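> Below are the structure tokens for one structure; questions will follow.
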Amino acid sequence: TNFAAVLEDGGDRRTTKNDFWNTAAIEIKPLEGLSVKMDYTFNYYAQHNKNHMKSFSEYGANGVYLQEFQYTDPNYVYEYQNNDTYNAFNLVGNYEKTLGKHYFKVMVGYNQESKHVRSFYAERDNLINNDLPSMNNATGERYVGNSDDSWATRSGFARINYTFNDRYLVELNGRYDLSSKFPKNDRAVFNPSFSLGWRLSEEEWFSEPTNRFFDDLKIRASYGSQANQALGSGPSSWYAYLSTYGTGTSSYLFGGQQVRVIGPGSLVSNTVTWEKVTQWDLGLDFTILNSRLTGTFDYYQRKTTGMLGTGKLLPNILGMTEPQENASDLKTYGWELALTWNDRLENGLHYSVGFNIADAQAKITKFDNPTNSLSSHYVGEKLGEIWGYESTIFQTAEDIANAPDQSQVDGGISKIPGDIQFIDINGDGVVNNGENTLDNPGDRRIIGNSTARFNYGFNITADWKGFDLGLFFQGVGKRDRYLPNSFRWQYGSQWQVPTAYANDYWSESNRDAYFPVARFNGGTALGQNQTRYLLDGSYLRLKSLSFGYTLPETLTQKAYIQKARIYFTAENLFTIKHTPEGFDPELDNPYAYPQQRALSIGVNLTF
């Protein structure tokens, strides 16, 4: 793949990419019930970039030369080469056997993966010919650099399944992994798991008293662990246990010249290892009413131990950031429910209605923060907590005169009617964050939580005499969102995009306004987390709709058409929400590209 773009300054940027991958696989069955499969994958990716920055002159309105445009002076040529190689090998054997009411299946496997990334770049400025992008024809400084990084994993795994009389189900799993991303003595991890199932509907003592009310009823239980080696993004996370030195050029002259310097590496922990997740789950599956209603329910708890992050908070006098350690634990608990009703009426109408809902919360159970500082995580914290102040609007000068000191949260501005007023919760006459700790948060408190709760969805399908209909809704039942900056600031920096929503600001004729009085010296009050600008982030959205009609075969076959369907589809047709126009509650990043509404009509023909 080749890509070229002409820069606005007259230079050019060219990128050449080559991506090659191939997978070879073989499967043999030497015995009845036994199969052995082996596959190998090779992926090679190469990229070459070349940038040529031309300098050009800047002129005034009267055509007089001013200077060389600062962002193109000096001119330069830059080249970058990147090579990425990935290898994966898998060997898996399966054996299954049935002996009367007993069913066995055994799987044993081996996996090995490796990745190697190399890059090189060179740059030189002050080209002697503005149109000749060659480093040999440049007189300026030379800049070169390279990187060479890799990682590898090796794993063995096995699974045993056993079923008796299609009633009792057992599954055992085990996995042993090694990763080069950790120190030699901490590279290995073993993760076992098991699950049990019992189909009560197959038991005579259960089915007869219930008069076969349950077409199928199964209870499940499982427990297991898995490990995580993804400690971050990019090659810098592949050596989390190594401290790498930095090199550069001194900012001061020694002996009349700048000298090369070597900087100390960052602090690291020599015991960095796998994150480990253990989870238990209780589940129920059922089918009733002549297979018209099916459902499943799960309740689970998950513990994540040894989460990689900042360890013990160290004094600022250290002069370096704290090392990354397996220092934190997290507990997640949640449940899931799914129901489906499927039926056909006497008039031929077939329809189906499905509904699902899930909820989960996560709480920190271990974190080295002895003072419970709110500048970091603390034990007992629910992820997504929003700490802030209670707030309202000053309506009169008398309100301002009688208010507690607010200089620590609003920048010490001289207040006027229409400014934000923060509430002195603890009654000490001063609004602040106290010691910024859990024990003394001052006038701040937990005002909301950004975690999406009660995620739900439902779909409806129907077909009758050639007509078909499909609807899919999704939503969030509970979530707190904070109003983004672009909706809050009436007057911002040159990069701030104003919104019509910010026009509802306080004035003598608009005392019930949502925003404070508009002024340039409004201090920091509007930037504080506060109850006044906390939003209800729950929503319900029609994600997709489809309606179609399939013409009778008696008509289409005359035209030698096997099937003809006319349809209409729509995506993101409408949303019931509580956020202002332009703020999509479905997006975690409010500044991301918005969801688009799409409408289409078409015809499907099968010959």
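> Sorted from largest down, what three extents in whole angstroms do the Cα atoms of the chain have along their principal axes?
Largest to smallest, the principal-axis extents are 92, 73, 69 Å.
> While we're on this one: How far apart, in nm, are the 7 Å Cα→Cβ label points at Leu337 and Tyr300?
Taking the simple label geometry, Leu337 and Tyr300 are separated by 1.8 nm.
> Counting pairs of alpha carbon atoms under 8 Å apart in space and at least six apart in sequence, what relative contact order in percent does the chain give?
Working: 1453 pairs, mean separation 37.4, N = 607.
Answer for the chain is 6 percent.
> So what is the calculated 222 nm ellipticity per residue for the chain, using -39500 (n - 2.57) for each DSSP H run with n of 4 or more, over all residues, to the nearest 500 deg cm²/dmol? Each step should come with its number before you reach the end.
Working: 5 runs with 22 residues, N = 607.
Dividing the helical sum by the residues of the chain leaves -500 deg cm²/dmol.
> May I pose another question? Out of Ala61, Asn589, Ile460, whose Cα points farthest toward the positive end of the dipole of the chain (charges: +1 Lys, Arg; -1 Asp, Glu; placed on Cβ)?
Comparing the listed Cα positions along the dipole, Ile460 ranks first.
> Follow-up. Using Cα pairs under 8 angstrom and six or more residues apart, how large is the relative contact order of the range 255-384, in percent? Mind showing how you got there, number by number?
Details: 259 pairs, mean separation 26.7, N = 130.
RCO, the range 255-384: 21 percent.
> If R0 is 30 Å, what FRET efficiency do you get for Asn440 and Asn402 from their C-beta distance, rounded to 0.05?
Details: r = 25 Å, r/R0 = 0.85.
After rounding, the FRET efficiency stands at 0.75.
> Tell me the per residue accessible area of the chain using a 1.4 Å probe; a whole number in Å² is fine. Numbers along the way, then the final one.
Details: 35970 Å² over 607 residues.
Spelled out: the 1.4 Å probe surface of the chain, per residue, equals 59 Å².
> Binning at 5 angstrom from zero up to the longest distance, how are the C-alpha pair distances of the range 459-607 distributed in percent?
2, 8, 13, 14, 12, 10, 8, 7, 6, 6, 5, 4, 3, 2, 1, 0
> Can you tally the net charge around Asp468? Count Lys and Arg as +1, Asp and Glu as -1, for every other residue whose Cβ sits under 13 Å from the Cβ of Asp468. Could you put the intermediate results ahead of the total?
Numbers: positive: Lys465, Lys563, Arg565; negative: Asp463.
Spelling it out: positives minus negatives among the neighbours equals +2.
> Just the number, please: carbon plus sulfur as a percent of the accessible area of the range 135-256, 1.4 Å probe, no ligands or DNA/RNA counted.
Working: 4060 of 7640 Å².
That share works out to 53 percent.
> Hey, another quick one. Can you find, among Ser225, Thr310, Leu253, the residue sitting farthest towards the positive end of the charge dipole of the range 218-329, where Lys and Arg contribute +1 and Asp and Glu -1 at Cβ?
So the residue we want is Ser225.
> Summing +1 for each Lys or Arg and -1 for each Asp or Glu, what net charge is found among the other residues whose Cβ lies under 12 Å from the Cβ of Gly384? Provide the component values of the computation, followed by the final result.
On the way: positive: Lys363, Lys382, Arg453, Lys478, Arg479, Arg481; negative: Glu381, Glu385, Asp480, Asp588.
Net charge around Gly384: +2.
> Can you grab the distance from the C-alpha centre of the range 331-357 to the C-alpha centre of the range 375-402, Å, no decimals?
Each part's Cα centre sits 42 Å from the other's.
> So, counting K/R as plus one and D/E as minus one, what does the shell of residues with Cβ under 13 Å around Val117 add up to? Can you show the working numbers first?
Values: positive: Lys115, Arg118; negative: Asp84, Asp148, Asp149.
Once positives and negatives cancel, what remains is -1.
> Now a separate question. What is the calculated FRET efficiency for Asn136 to Phe42, with r their C-beta to C-beta distance and R₀ = 35 Å, to the nearest 0.05?
Values: r = 36 Å, r/R0 = 1.04.
The formula returns an efficiency of 0.45 here.
> Ok, one more. Can you compute the FRET efficiency between Leu587 and Gln395 using 1/(1 + (r/R0)^6), with r the Cβ-Cβ distance and R0 = 30 Å? Round to the nearest 0.05. Present the calculation step by step, with values, prior to reporting the outcome.
Working: r = 35 Å, r/R0 = 1.17.
That gives a FRET efficiency of 0.30.
> Just subtract the alpha-carbon distance of Lys465 and Thr23 from 0.36 nm times their residue separation and send over the number in nm, one decimal.
Values: separation 442, 0.36 × 442 = 159.12 nm, distance 4.64 nm.
Roughly 154.5 nm would be gained on extension.
> Between Phe69 and Phe355, what is the label-to-label distance in nm when each label sits 7 Å out along the Cα-to-Cβ direction?
For the pair Phe69/Phe355, the computed spacing is 6.2 nm.
> Could you work out how much longer the chain between Phe194 and Asn165 gets when fully extended? Use 0.36 nm per residue separation minus the Cα distance between them, nm to one decimal. Write down the numbers at each step before the final one.
Working: separation 29, 0.36 × 29 = 10.44 nm, distance 1.96 nm.
Once the chain is fully extended between Phe194 and Asn165, it gains 8.5 nm.
> With point charges of +1 on the Cβ of Lys and Arg and -1 on the Cβ of Asp and Glu, referenced to the Cα centre of the range 155-246, which listed residue (Leu242, Ser180, Phe157) lies farthest in the positive direction of the dipole?
It is Leu242.
> Check each of the chymotrypsin sites (Phe, Trp or Tyr not before Pro) in the range 208-316 and keep only those in coil by DSSP with at most 15 other C-beta atoms within 10 angstrom; list them in order. Before the final figure, lay out each step's value.
Values: sites: Phe213, Phe214, Tyr223, Trp238, Tyr239, Tyr241, Tyr245, Tyr252, Phe254, Trp274, Trp280, Phe286, Phe297, Tyr299, Tyr300; in loops: Phe213, Tyr241, Tyr245, Tyr252, Trp274.
Sparse-neighbourhood loop chymotrypsin sites (Phe, Trp or Tyr not before Pro): Phe213, Tyr245, Tyr252.
> Counting only protein heavy atoms and using a 1.4 Å probe, what share of the accessible area of the range 506-595 belongs to carbon plus sulfur, as a whole percent? Please list the in-between numbers first.
Working: 2840 of 5150 Å².
On the range 506-595, the fraction of accessible area on carbon and sulfur atoms equals 55 percent.
> Starting from the Cα-Cα distance between Glu508 and Leu282, subtract it from 0.36 nm times their residue separation and give me the gain in nm to one decimal. Provide the component values of the computation, followed by the final result.
On the way: separation 226, 0.36 × 226 = 81.36 nm, distance 6.01 nm.
My answer for the length gained is 75.3 nm.
The values are calculated or read from the model by the stated rules, or taken from the named source; none is laboratory data. Since this is a predicted model, take the numbers as computed values, not measurements. Positions of Cβ are backbone-derived with ideal geometry, glycine not excepted, and every protein chain shown enters the neighbour counts. Note: areas computed on protein heavy atoms with side chains; ligands, DNA, RNA excluded. Shrake-Rupley method; radii C 1.70, N 1.55, O 1.52, S 1.80 Å.
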